[in-house]
Amino acid sequence: MSNTKEMSKRQMRREQIRRKEMRGRIISISFISIVAILIAFLFIYPNFKPVGEIFTPEAISRPDVKFNAAGNPDAPIKLEEYSDFQCPFCRRFFEDTEAKLLETYVADGTVYFVYHSFGEFIGPESAGSAEAAYCAGDQEKFWEMHDTIFANQAGENQGAFTDRRLKAFAENIELDMSQFNSCFDGGDYKDLIAQDAKDALAADIQATPSFIMSYAVNGEVKTKLIEGAQPYDVFKQEIEAALLEMAPQ
């Protein structure tokens, strides 16, 4: 009889241990499942999250547009902007100064204006938005994408220029989405964007926006660095000074 009781106690202990182990396994599996679901959510949710409202800027008239440039390539003065689509001061130049420069010195053939990115100067969304603009340039809509990106700027690396939003911008300006997606997803302009950054650093550019104005005097090429979102009058003063220097003595 005592042997039977002893066996019963051992069976009860084994059953308790088994149940405890089972509870432990269930808790572990549940925890792992919850973590896996959370991780999956973090990866999947951005693909379903609404892209939000897209602001369409007013159209800006640009003469002789070709890819990321505007104006006559044989103009006596070349003005190259190094910019970052996430930079609020770059947006200020776009909104306050660029159109007036285009209407005057670019339109009359005095200035050839070129836009360059600055790589990942502020962060990944800087390079991503530059990629989108260059890919739009393949369809002769670099400047439409340029304007749309600046019009929808909303903080630095805050999700304003996720891949989905950039593709929504592309749809908004009526690009061929198959061609755009192939270019954008394939990173066709990755090397150009990296070269933009190298060129900017080689020119001792340390902030955005910055501008390199170049012109020739008696066969000698001269350059002038203009830093910051300067008002139109500053550019006018620099351009007029260069024209005076180039004038026959």
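The values are calculated or read from the model by the stated rules, or taken from the named source; none is laboratory data. The model shown is predicted, which means the values in this text are computed figures rather than measured ones. Heads up, the Cβs are rebuilt from the backbone with ideal geometry, glycines too, and the neighbour counts pull from every protein chain shown.
Considering F89, F85, F94, the condition of being within 16 Å of A200 (Cα to Cα) and either surrounded by fewer than 23 Cβ atoms within 10 Å (Cβ to Cβ) or in contact with a helix residue (DSSP H, G or I) (Cβ under 7 Å, 6 or more places away or on another chain) (or both) is satisfied by F85 alone. Which one of the conditions (1) buried (at least 17 other Cβ atoms within 10 Å of the Cβ); (2) modelled with pLDDT of 95 or more; (3) among the hydrophobic types (A, V, I, L, M, F, W, C) does A160 fail to meet, given that it meets all the rest? In the conditions (1) buried (at least 17 other Cβ atoms within 10 Å of the Cβ); (2) modelled with pLDDT of 95 or more; (3) among the hydrophobic types (A, V, I, L, M, F, W, C), A160 misses (2) alone. Among the residues of segment 92-147, just one is modelled with pLDDT under 95 and acidic (D, E), namely E120. For segment 114-126: of the residues being among the hydrophobic types (A, V, I, L, M, F, W, C) and under 18 Å from E80 (Cα atoms), which is surrounded by the most Cβ atoms within 10 Å (Cβ to Cβ)? Here the answer is F118.
Condition first: of a type in the set (D, E), in contact (Cβ under 8 Å) with a residue 24 or more places away in the chain, part of a loop (DSSP other than H, G, I, E, B) and assigned by TED's automatic domain parsing to the domain that holds F235. Can you find one or more residues in segment 99-107 that meet it? Among the residues of segment 99-107, not one is of a type in the set (D, E), in contact (Cβ under 8 Å) with a residue 24 or more places away in the chain, part of a loop (DSSP other than H, G, I, E, B) and assigned by TED's automatic domain parsing to the domain that holds F235, which makes the answer no.
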